[in-house]
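Reading through the structure tokens given below for one structure.
The values are calculated or read from the model by the stated rules, or taken from the named source; none is laboratory data. These figures come from a predicted structure and were not determined experimentally. All Cβ positions, even for glycine, are placed from backbone atoms using ideal geometry, and neighbour counts span all protein chains on display. Side chains included, ligands, DNA and RNA excluded: accessible areas come from the protein's heavy atoms. Shrake-Rupley method; radii C 1.70, N 1.55, O 1.52, S 1.80 Å.
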Amino acid sequence: DPEKIYYIHADLAQKHDKCAVAIAHVDKWVNIQVIKDYQQVAPMVVVDAVAWWEPKAEGPVNLSEVKQWIINLRRQGFNIGVVSFDRWQSFDIQNELQAVGIRTETVSVAKKHYDDMAMVVLEERLKGPHIPLLIDELLQLRIMRDKVDHPRKGSKDLADAVCGSIFNAISHTRFNTNQEIKIHNYESM
């Protein structure tokens, strides 16, 4: 949609974990009744896509493929607001994307980001693709010493990418006071 601005988060990895990238946008704003006489305007978020690369026996994930996937989104007409990365191995890819005019940031997905995503989910303000691996990761997440983590044999690579993209979409999309706001209640969902 040429009217939308899309936000991306990449959870980079090469040898042991999956390298995951998610793209999301704010679809519209809705009015939520928080308590009896208090309402709040909140965004409806759409996770448009999740892509991931896995290391193979032949070698690690090629991060230039990830960079090219992001650049190809822009070539396909996506209006990209920002691409964020965690700190691991992101310096070069951020510089390369900035060199072609794509804005980048560093965002280390933490418990506060997952808390925000949980609120969007609980208030039924999130739509996204049905990806069994992502659903499994989200269902296995645990809070350990004020940190969101996965079980010993699990992963959270796709979950981190989705959480970061939702955070970017919400934190960078400004509410336009001239737009129509629909009432969001749970019975209508």
Region 60-130: GluC sites (Glu not before Pro) falling in loop per DSSP and having at most 16 other Cβ within 10 Å: E124
Within the chain, helix-based [θ] at 222 nm, where runs of 4 or more DSSP H residues each add -39,500 (n - 2.57), nearest 500: -9500 deg cm²/dmol
Between region 124-138 and region 67-98, how many Å separate their Cα centres? 23 Å
Counting only C-alpha contacts under 8 Å and six or more residues apart, can you give the relative contact order of the chain as a whole percent? 32 percent
Expressed as a percent, the accessible surface of region 1-117 that is carbon or sulfur, using a 1.4 Å probe and the full set of protein chains, is 46 percent
Accessible area in square angstrom per residue, the chain, 1.4 angstrom probe: 59 Å²
Of the lysine pairs in region 1-141, how many meet both conditions: Cα atoms under 30 Å apart, and a spacing of 8 or more in sequence or different chains? 29
On C-alpha positions alone, give me the angle between the axis of helix 111-122 and the longest principal axis of the chain, in degrees, nearest 10. 50 degrees
Roughly what angle does helix 157-172 make with the longest principal axis of the chain, taking Cα atoms, 0 to 90 degrees, to the nearest 10? 50 degrees
Protection proxy (average C-beta count within 10 Å per residue), highest first, orders 126-139, 11-24 as 11-24, 126-139
List, largest first, the extents of the alpha carbons of the chain along their principal axes, each in whole Å. 59, 39, 26
Charge dipole magnitude, Cβ of K and R +1, D and E -1 - region 48-189, Cα centre, debye nearest 20: 180 debye
